[in-house]
Each structure stands twice: as C-alpha cells, then as structure tokens.
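Structure first, commentary second.
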Amino acid sequence: MNFKNVRVPKVPGGGAASALTKAAVLGGLGIYAALNSLYNVEGGHRAIVFNRLVGVKDKVYPEGTHLMIPWFDRPVIYDVRARPHLVESTSGSRDLQMVKIGLRVLTRPLPDQLPTIYRSLGENYNERVLPSIIHETLKAVVAQYNASQLITQREAVSREIRKILTERAANFNIALDDVSITGLTFGKEFTAAIEAKQVAAQEAERAKFVVEKAEQDKKSAVIRAQGEAKSAQLIGQAIANNAAFITLRKIEAAREIAHTISNSANRVFLSSDDLLLNLQEMNLESPTGSKK
C-alpha cells in the first residue's frame, strides 16, 4: 500500500495549543526566577554567596534584601551576634587535685572574614573549634595553680583563660566578647579537707573566745573585789567617825521594805521588829552623845 500521496489532515487549534504551552512554560520560568532571585538578610546577620561557577564570593552582604541568580547562586547566612557557650572540663591542678570547672564564653564570627570561615570551617564553626581550644586552655591554665589558689585567685584565673582563649580564637577568625567561670567543683577528698580545716578554724576561734572571756571575768572579779573592799573600808571609816551611819542605813532599809509592802496586793501581818519598821523605838543618839 502506498502512503506517499496520503495527506494528513490538520487538527483545528493546534497552533493555539502550542502557543499556550510555550506561554505556560515561560510564565513558570518567570515565576521561578522571581521567587528565587531575591533573599533577605535579617538584623544581626550577614550573608555570603556560593556560585556554582566561581565558588564562594569574597563579598559579604549586609542586612536587607539582595538579588541573586537562581540555581547558580546560593546564599549562606551567618548570625554575627554574640552567642553563649557553656563548657565543662575536668582538669588537674598543680597539687594534683581534680577540678571540674565550668566556663561560659560569648563568641561571634568576624563579619569581614565570613568567606574564609566558610571555606575552612563551614557553617558549624563553633562546634568544630570552641570545644577543643577551650578544653586545652582550661587544662593548661588550671595546671599552673593549686586548688586553693583557684578559689582565692578566681579573677586572675579568669583573666588568664580569657587572654589565651582570645588569642587562640583569633586564629580562626572568631571574636570572644566575654569569658567567665561559672563553677568550680573539687574532689571528695579535697572538699572533706576544706571542711575539716574550717571546723578546726572555728574551734580555734571558739577556744580563743573562751580564753578571752575567762580573762575578762577574772579582771571583772578583781575589780569587783577591789570595789567591795573599798566600799567596806569607807563604811568602816564612816561608822568609826559617826555611829549614826548604821541608823541611817536602817532607815533606808525600812523605807524600801515599806515601799515594797505598800505596793503589794497581799496583806502582811508581821512583827515590826522583824521588818525594821520600829523606827519610833530606834535610838538615834550617838554613843558619844549618850555618854555625855
């Protein structure tokens, strides 16, 4: 059968369908390009761009909205704000005591060195660099001090750690804003020794207080005895000079007794001789006067 002279009939509307397909493809490509040609850099962040042809570009993009070539460019956004990192390390002191030290470090990447950081360390630069340099620095610094010096010279230890960490982190284009010691934990033996020392010091202070108190009691007893002796001497002189001194003391004692009884709510029935209230029968004349 000969098909050479057979004519294929034209389908009505075939050109319009092809045009619609082309328009849909171009429209889709345009929408894809519009959606993937812009990217935003939030506040406190910086961006670098990786290009499929030339690799990582050296330019650092600040905050805002930026253009890129879809598929060819891929933005890498870094947080350049200071972030805290808590690290704990167990090290040996100079006197061979095991010390568990906790450190809080505030770090941030240097914005103008982000391309270098991405090439050498990647996006998770903190996890790759900080643990190793912090542990090494803590072990080197703690080994220079005794366990007791780590407590009494805590600020000096913190400054030494910060100095070394700042120098080490600068080699990786990382800035340290703050370094602080959050905790110091010693072994059980050293803790028990410190407690025993504190107890001994308290006992020594208590013994010192007891000795001082005994000395003060002794001085007060001597002073009191001297006062009583002086008082007895003066009373003896007063009686020798004037026998009416005893009568005056009796009157004062009777007045105090009468004042106490009058203020009491109870009724008292006793002999006035026993209460020194028989003042009317008291002989107020001195022996010398009666002899005359």
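Within the stretch 94-131, count every residue that is closer than 17 Å to Ile77 by Cα and touching a helix residue (DSSP H, G or I) at 6+ places or on another chain (Cβ under 6 Å). Selection size over the stretch 94-131: 4. Taking each residue of the stretch 92-118 that is more than 15 Å from Ser148 (Cβ to Cβ) and looking for partners that are hydroxyl-bearing (Ser, Thr, Tyr) and part of a helix (DSSP H, G or I) with beta-carbon atoms closer than 8 Å, six or more apart or interchain, yields Pro109/Tyr125; Ile117/Tyr125. Do you know which residues across the stretch 100-122 are under 17 Å from Phe50 (Cβ atoms) and either small (Gly, Ala, Ser) or in contact with a His (Cβ under 6 Å, 6 or more places away or on another chain) (or both)? Listed by number, the residues that qualify are Ser120, Gly122. The set of residues from the stretch 71-87 being more than 42 Å from the chain's Cα centre (by Cα) and either surrounded by 12 or more Cβ atoms within 10 Å (Cβ to Cβ) or closer than 19 Å to Asn124 by Cα (or both) comprises Phe72, Asp73, Arg74. Across the stretch 12-70, the number of residues qualifying as open to solvent by less than 90 Å² (accessible area, probe 1.4 Å), free of Cβ contacts under 8 Å to residues at least 24 places away in the same chain and in a helix (DSSP H, G or I) comes to 14.
Can you pull out the residues in the stretch 154-178 that are open to solvent by 20 Å² or more (accessible area, probe 1.4 Å), over 20 Å from the mean Cα position of the chain (by Cα) and more than 29 Å from Val49 (Cβ to Cβ)? Within the stretch 154-178, Lys163, Ile164, Thr166, Glu167, Arg168 meet the criteria. One residue is enough: does the stretch 179-190 have a residue meeting the conditions over 30 Å from Asp112 (Cβ atoms) and open to solvent by 90 Å² or more (accessible area, probe 1.4 Å)? Looking for residues that are over 30 Å from Asp112 (Cβ atoms) and open to solvent by 90 Å² or more (accessible area, probe 1.4 Å), one finds at least one in the stretch 179-190, hence yes.
Hey, does the stretch 194-204 have a residue that's modelled with pLDDT of 85 or more and either open to solvent by less than 50 Å² (accessible area, probe 1.4 Å) or outside the structural domain of Arg94 (by the TED database) (or both)?
Yes, some residue in the stretch 194-204 is modelled with pLDDT of 85 or more and either open to solvent by less than 50 Å² (accessible area, probe 1.4 Å) or outside the structural domain of Arg94 (by the TED database) (or both).
Taking each residue of the stretch 238-262 that is among the polar types (S, T, N, Q) and looking for partners that are open to solvent by less than 70 Å² (accessible area, probe 1.4 Å) with beta-carbon atoms closer than 9 Å, six or more apart or interchain, yields Asn242/Ser286; Thr247/Met282; Thr247/Ser286.
For the stretch 132-153, how many residues are of a type outside the set (A, V, I, L, M, F, W, C), surrounded by 14 or more Cβ atoms within 10 Å (Cβ to Cβ) and either free of Cβ contacts under 8 Å to residues at least 24 places away in the same chain or assigned to a helix (DSSP H, G or I) (or both)? Adding up the residues that qualify gives 7. Scanning the stretch 234-265 for residues that are in a helix (DSSP H, G or I), surrounded by fewer than 14 Cβ atoms within 10 Å (Cβ to Cβ) and among the small types (Gly, Ala, Ser) yields a count of 4.
Evaluation of Thr90 against the conditions (1) within 20 Å of the chain's Cα centre (by Cα); (2) in a strand (DSSP E or B); (3) farther than 27 Å from Asn40 by Cβ shows that the sole unmet condition is (1). So which residues in the stretch 165-198 are free of Cβ contacts under 8 Å to residues at least 60 places away in the same chain and over 21 Å from Met98 (Cβ atoms)? Selection gives Thr166, Glu167, Arg168, Ala170, Asn171, Phe172.
The values are calculated or read from the model by the stated rules, or taken from the named source; none is laboratory data. Bear in mind the structure is a predicted one, so any value in this text is a computation, not a measurement. Note: ideal-geometry Cβ built from the backbone for every residue, glycine included; neighbour counts use all protein chains shown. These accessible areas exclude ligands, DNA and RNA; they are computed on the full protein's heavy atoms, side chains included. Shrake-Rupley method; radii C 1.70, N 1.55, O 1.52, S 1.80 Å.
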